[in-house]
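J.: This structure is in structure tokens; I'll ask about it shortly.
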Amino acid sequence: MSGKRADKATITLIGAGNLAQAIGPALKAAGYTIDVVAARETASSRRRAAMLAKNLGARAISLDQASPVSDIVWICHTDDALAATAHALARKQGRQGWKDKIVFHSSGALTSDVLAPLRRSGAQAASLHPMMTFVAGATPSMEGVPFAIEGDSRAVAVARRIVRDLGAEAFLIRKAAKPLYHALGSFSSPLIVAALVTAERVGRGAGLNASQTRRIMAPILRQTLKNYLERGAAAAFSGPIKRGDVNTVLGHLKELKRVHGASEVYRALVKSALMDLPSAKRKELIRMVR
């Protein structure tokens with residue numbers, strides 16, 4: 001994209017999964033042209049690519065047909081598929097074909113080095129990861145979403161402009177920090193859901209169905225998250241562990257043995273809480289959950 005402003009760039013999306021379904025419309029709304037959506041040869045991938053391409057005014061093609069026709073190629077594949085995708089794309093064209101092209105991937109855990117085959121073919125590469133959850137049927141706004149960026153200088157500069165145009169927030173991250181940064185994302189969303197599904201099992205043990213459990217938990221969940229975001233962890237922490245209600249915690253441990261997996265999760269979370277959060281009778285509680 002030599003001599004061309006990023007806000008006039010054309011973009012190829014490689015992949016049509018949840019991330020592409022969210023980022024594609026956001027890019028279009030920000031003034032970018034999505035000219036190609038490339039997908040794998042499975043029926044579901046082709047169907048998603050066709051729907052996304054129609055919504056974006058783009059062409060839907062197979063991954064085997066993908067080539068560097070756009071200014072930017074944004075790979076939205078899963079972490080385990082990125083290396084193979086980069087190798088496959090690099091084999092399509094010689095050095096001239098990828099010269100001056102920008103290639104992104106959006107893995108939170110992997111660095112831009114996974115795109116090395118495309119770098120060797122002349123492309124500038126960067127990783128560009130939004131700290132956001134993407135699930136089928138939900139299209140979160142990019143407004144204010146933090147994007148972690150690292151890579152080649154020109155690709156990073158283009159990525160920062162795109163993030164700004166999306167109304168999001170860009171920050172640079174060290175390559176070595178990416179695995180822990182991505183683990184932070186896991187603690188921020190999927191592992192919270194994992195804790196909540198454990199809570200649903202506990203609810204069933206108490207005679208509640210999943211719908212009742214979610215309805216009962218909703219007000220306390222909302223207030224807890226509000227307290228944490230506005231006041232921090234220590235101020236948001238409450239309940240028997242903070243108060244040092246040893247007999248209550250003992251009762252929890254006894255009854256949770258009847259709920260598959262719940263006792264182990266409870267013990268692990270109590271141990272974690274006792275490392276950093278305020279608690280009366282800390283030593284006694286630590287001995288209980290060892």
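Let's see how each residue does on (1) among the small types (Gly, Ala, Ser); (2) open to solvent by 20 Å² or more (accessible area, probe 1.4 Å); (3) farther than 18 Å from Leu180 by Cβ:
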position	(1), (2), (3)
His105	no, no, yes
Val114	no, yes, no
Arg120	no, yes, yes
Gly137	yes, yes, yes
Pro140	no, yes, yes
Ala148	yes, no, no
Ile162	no, no, yes
Asp165	no, yes, yes
Ala168	yes, no, yes
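J.: If you scan the stretch 13-50, which residues turn out to be farther than 23 Å from Val145 by Cβ, of a type outside the set (D, E, K, R) and in contact (Cβ under 8 Å) with a residue 24 or more places away in the chain?
T.: Val36, Ala38, Ala39, Ser45, Ala49
J.: What's the total number of residues in the stretch 195-235 that are of a type outside the set (Lys, Arg) and in contact (Cβ under 8 Å) with a residue 40 or more places away in the chain?
T.: Residues flagged as of a type outside the set (Lys, Arg) and in contact (Cβ under 8 Å) with a residue 40 or more places away in the chain within the stretch 195-235 amount to 6.
J.: So Pro25 passes all but one of these: (1) surrounded by fewer than 16 Cβ atoms within 10 Å (Cβ to Cβ); (2) assigned to a helix (DSSP H, G or I); (3) not small (Gly, Ala, Ser). Which condition number does it fail?
T.: (1) is the only condition that Pro25 fails.
J.: Moving on to the next point. Could you list all residues from the stretch 132-161 that are within 14 Å of Ala22 (Cβ to Cβ) and hydrophobic (A, V, I, L, M, F, W, C)?
T.: Met132, Phe134, Val135, Ala136, Ala138, Met142, Val145, Phe147
J.: Can you say whether Ser272 is part of a loop (DSSP other than H, G, I, E, B), free of Cβ contacts under 8 Å to residues at least 60 places away in the same chain and under 33 Å from the mean Cα position of the chain (by Cα), as far as the supplied structure shows?
T.: So Ser272 does not fit the description; no.
The values are calculated or read from the model by the stated rules, or taken from the named source; none is laboratory data. Fair warning: this is a prediction, and the values are worked out from it, not measured in the lab. Methodologically, a virtual Cβ is constructed for each residue, glycine included, from the backbone with ideal geometry; neighbour enumeration extends over all protein chains shown. SASA here: full protein model, heavy atoms, side chains in, ligands and nucleic acids out. Shrake-Rupley method; radii C 1.70, N 1.55, O 1.52, S 1.80 Å.
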